[in-house]
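Okay, so here's the structure we're looking at.
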Amino acid sequence: VDGGNEAFVPSSVLSVLGNAAVLVTSALRPTHLKAPELLTVNLAVTDIGMALSMYPLSIASLFNHAWIGGDSSCLYYGLMGMIFSTASIVTLAVMGLVRYLVTGNPPRTGNKFQRQTITMVISLIWLYSGLWAVFPLLGWGGYGPEPFGVACSVDWASYQDSLNHSTFIMSLSIFCTFIPCLLILFSYSGIAWKLHKAYQSIQNGNFNYGHIERKVTLMAVLISSGFIVAWSPYVVLSFWYMFQGKASLAPLVSLLPCLFAKGSTAYNPFIYYIFRRSFRLQLRQLRGLICCSAQPDTPSRGETGEEGRQTLRSDLRQTNITPTRLWL
């Protein structure tokens with residue numbers, strides 16, 4: 001348990017800080033966000049939402065060596081986990097489809113998505129996630145404590161107890177896990193095929209755009225595959241409980257996949273930082289804005305402190321690097 005504390009607390013802090021940076025830099029330049037970038041923002045919302053609404057309870061329970069809340073807090077924890085995890089994987093599936101549709105098409109003549117369309121899609125994602133989350137509250141399926149006793153989720157072990165639980169768990173697995181994962185695999189397999197077919201045109205002179213396509217696609221693949229890899233042990237563990245029961249594994253073995261899955265919210269900002277030059281620039285400008293705000297308004301290089309802050313805010317909002325600016 002102590003090792004779980006040492007691993008979980010830093011990843012939770014990194015998740016909150018990293019995704020908060022993504023949201024702040026996006027909020028300071030809303031008019032420059034391309035429509036598909038709204039999906040990246042939505043992914044950051046799911047990650048930071050999970051970290052803020054769930055991780056404090058898990059951390060406190062880990063230190064307490066037992067779940068600190070009763071049935072009501074367990075229900076709340078399971079509800080939040082269902083909403084944010086479902087919204088996250090569906091967002092990744094939609095991101096893959098969007099990348100598939102725009103990959104290989106020239107920026108000015110290819111498929112484009114309007115902000116209104118993407119906003120509507122994001123609304124449907126949250127509606128879909130919320131619907132699956134409230135099903136257990138309405139009597140179909142249920143939430144319960146996980147075997148180690150420091151978190152709550154879908155009551156996987158009740159799969160064989162009744163038709164009600166088995167149909168919910170199987171439907172949830174199909175519509176909120178397998179289908180989104182298949183869409184992700186289909187999308188990026190299709191993207192790889194498109195890039196292979198477009199390789200000749202890239203060689204014929206459109207190298208810069210082709211390089212951007214490959215780099216953006218690699219970033220999207222890393223984000224999606226990272227999510228799948230992080231959650232796969234937890235999915236395998238859940239299916240084990242469905243057919244073998246909770247008592248068939250040591251508690252510590254059941255804890256590790258849970259911690260690994262929850263760590264999936266921390267790494268996306270690092271991927272953005274590595275692959276997106278615009279994000280790195282915005283973070284530097286944001287750091288300058290914070291530093292200027294912490295300093296008194298003293299003249300420097302012909303500008304007052306307030307003038308310097310206004311200049312940094314303006315630069316941050318106007319950051320729109322093209323054509324090397326990367327988006328999903």
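The values are calculated or read from the model by the stated rules, or taken from the named source; none is laboratory data. Please read all numbers here as calculations on a predicted model, not as lab measurements. In this analysis, Cβ positions are derived from the backbone assuming ideal geometry, glycine residues included, and neighbour counts consider all displayed protein chains. Accessible surface areas use protein heavy atoms only, side chains included; no ligands, DNA or RNA. Shrake-Rupley method; radii C 1.70, N 1.55, O 1.52, S 1.80 Å.
Within the stretch 105-115, can one find any residue that is closer than 30 Å to P257 by Cβ and either open to solvent by 50 Å² or more (accessible area, probe 1.4 Å) or modelled with pLDDT of 90 or more (or both)?
Taking the stretch 105-115 as the starting set, the residues that turn out to be closer than 30 Å to P257 by Cβ are none.
No: zero hits.
Within the stretch 116-149, the set of residues being assigned to a helix (DSSP H, G or I), over 21 Å from M170 (Cβ atoms) and open to solvent by 40 Å² or more (accessible area, probe 1.4 Å) comprises Q116, T117, T119, M120, V121, S123, L124, W126, L127. Only residues that are open to solvent by less than 30 Å² (accessible area, probe 1.4 Å), farther than 25 Å from T91 by Cβ and under 25 Å from the mean Cα position of the chain (by Cα) were counted in the stretch 150-179, giving 1. Please enumerate the residues belonging to the stretch 117-133 that are within 16 Å of P180 (Cα to Cα) and of a type in the set (V, I, T). Within the stretch 117-133, V121, I122, I125 qualify. Checked against (1) at pLDDT below 90; (2) buried (at least 21 other Cβ atoms within 10 Å of the Cβ), L57 passes all but a single condition, namely (2). In the condition set (1) at pLDDT below 85; (2) touching a helix residue (DSSP H, G or I) at 6+ places or on another chain (Cβ under 9 Å); (3) not in a helix (DSSP H, G or I), L218 is compliant with all but (3).
Restricting the first member to the stretch 169-194 and to residues that are at pLDDT below 90, and the second to residues that are basic (K, R), the beta-carbon pairs closer than 7 Å and six or more apart or on different chains are S187/R99; I191/R99.
Of all residues in the stretch 15-40, those satisfying the criterion of being buried (at least 19 other Cβ atoms within 10 Å of the Cβ), touching a helix residue (DSSP H, G or I) at 6+ places or on another chain (Cβ under 7 Å) and among the β-branched types (V, I, T) are V22, T25.
Matching residues to (1) of a type outside the set (F, W, Y); (2) under 20 Å from I228 (Cα atoms):
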{"residue": "S15", "(1), (2)": "yes, yes"}
{"residue": "R29", "(1), (2)": "yes, no"}
{"residue": "L43", "(1), (2)": "yes, yes"}
{"residue": "F63", "(1), (2)": "no, no"}
{"residue": "C74", "(1), (2)": "yes, no"}
{"residue": "Y77", "(1), (2)": "no, no"}
{"residue": "F84", "(1), (2)": "no, yes"}
{"residue": "A87", "(1), (2)": "yes, yes"}
